[in-house]
1. Is it true that residue 153 is touching a Pro at 6+ places or on another chain (Cβ under 9 Å) and closer than 18 Å to residue 18 by Cβ?
2. Tell me which residues, restricted to segment 73-85, are more than 8 Å from ligand 1 (Cβ to nearest atom) and in contact with a strand residue (DSSP E or B) (Cβ under 9 Å, 6 or more places away or on another chain).
3. Considering each of 261, 194, 231 in turn, give the residue that is closer than 23 Å to residue 177 by Cα and surrounded by 11 or more Cβ atoms within 10 Å (Cβ to Cβ).
4. Just the residues that are assigned to a helix (DSSP H, G or I), surrounded by fewer than 20 Cβ atoms within 10 Å (Cβ to Cβ) and not charged (D, E, K, R), please, taken from segment 46-79.
5. In segment 19-44, what count of residues is obtained for those that are farther than 27 Å from residue 93 by Cα and outside any loop (DSSP other than H, G, I, E, B)?
Amino acid sequence: MLAEKLLFFAGAGAISEAMLKGLLEAGVVPAEQITVNNRKNRERLFQLGQSYGIHISQQREQEIAAADIIILAMKPFDIHQALQEIGANITPQQMVISVVAGVSTETIESQLVEGVAVIRAMPNTSSFVQASATAISRGKHATIEQLEQGKQIFAAIGSVTEVEEQQLDAVTGLSGSGPAYIYYVIESLMQAGQQVGLSEETCRELLIQTLYGSAKMLKVTGKNPQELRRQVTSPNGTTMAGLAVLEQGDLPDLLKKAVEQATRRATEMGQEISAMQPT
Ligand SMILES: NC(=O)C1=CN([C@@H]2O[C@H](COP(=O)(O)OP(=O)(O)OC[C@H]3O[C@@H](n4cnc5c(N)ncnc54)[C@H](O)[C@@H]3O)[C@@H](O)[C@H]2O)C=CC1
Ligand SMILES: O=C(O)[C@@H]1CCC=N1
């Protein structure tokens, strides 16, 4: 039962906060059972403790040893240092969930005692409002039951899709980084709206609802995006005029390159980190 588990977050950054907020609001794990730790910013930990009522780490080694589930949420290049400490205090009765981009379960497993279950997941920051799109896979020691526990955590903060581990870098390039692409588009549309004479507040209000409505249409109708786009596009009308400009600039190609580049970067980081592995 997830409600009885002790969770230890190694990392107190954007994704940890998003997950914490989402999990607490979903009510699946009580705040008393969550401890959060970071490398050195005590002020940040106090802020999280005050905002969410969770424990902030006091005695890392004991807290790691006591946790049922340890969530790795540090920057990829900090993972070796974190695993040195965690690896020294963990047993196969515990489970590790990593949300670290690019780093394979194999790299993580190799720095833990033999047999520790490792689950790898790629959520996004919409975890904050329980609307993450998370993909998940299990390492070689994780059982189906342990994967189910991992899924329960992420299901409380959004949707969960099981994928083969080798697909996680692509997921990272698509939906892990995805919110940033969408915010960039909204940012640009906000500027565009102001250029054609609307106030910033009006643009914001109209665009948030447009984004929300479009996502809801995709979800509720189950129609494909091309069909929904066609419904907006009257012959020789305004949408056609606007879309022609996006086609001219080859928006699809740009987005394809962005996702490919982000995916490549995840793989590249994973390889660099694996090569840096302490012996
Ligand atoms: N920000 C995002 O949208 C997403 C991030 N991720 C992954 O989550 C990880 C964290 O990302 P952010 O939260 O954005 O980074 P961040 O820079 O906001 O936070 C990283 C945290 O890790 C802590 N840390 C560093 N070394 C540590 C150690 N040895 N032990 C414990 N804590 C340590 C830092 O003090 C900091 O609190 C990254 O690996 C990233 O790939 C995954 C999905 C989405
Ligand atoms: O930018 C990054 O590397 C992380 C991984 C997915 C989202 N943020």
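Each value in this text was obtained by applying a stated rule to the coordinates, not by laboratory testing. Keep in mind the model is a prediction, meaning the values are calculated, not measured. Every residue, glycine among them, receives a Cβ derived from its backbone with ideal geometry; neighbour counts consider all protein chains shown.
1. No: the conditions fail for residue 153.
2. Scanning segment 73-85 gives a single hit, 83.
3. On inspection, the qualifying residue turns out to be 261.
4. 46, 47, 49, 50, 51, 52, 62, 65, 66, 76, 77 - these are the residues of segment 46-79 that are assigned to a helix (DSSP H, G or I), surrounded by fewer than 20 Cβ atoms within 10 Å (Cβ to Cβ) and not charged (D, E, K, R).
5. The first filter runs over segment 19-44 and keeps only residues farther than 27 Å from residue 93 by Cα, leaving 25, 40-44.
Imposing the further condition that a residue be outside any loop (DSSP other than H, G, I, E, B) reduces the set to 25, 42-44.
Adding up the residues that qualify gives 4.
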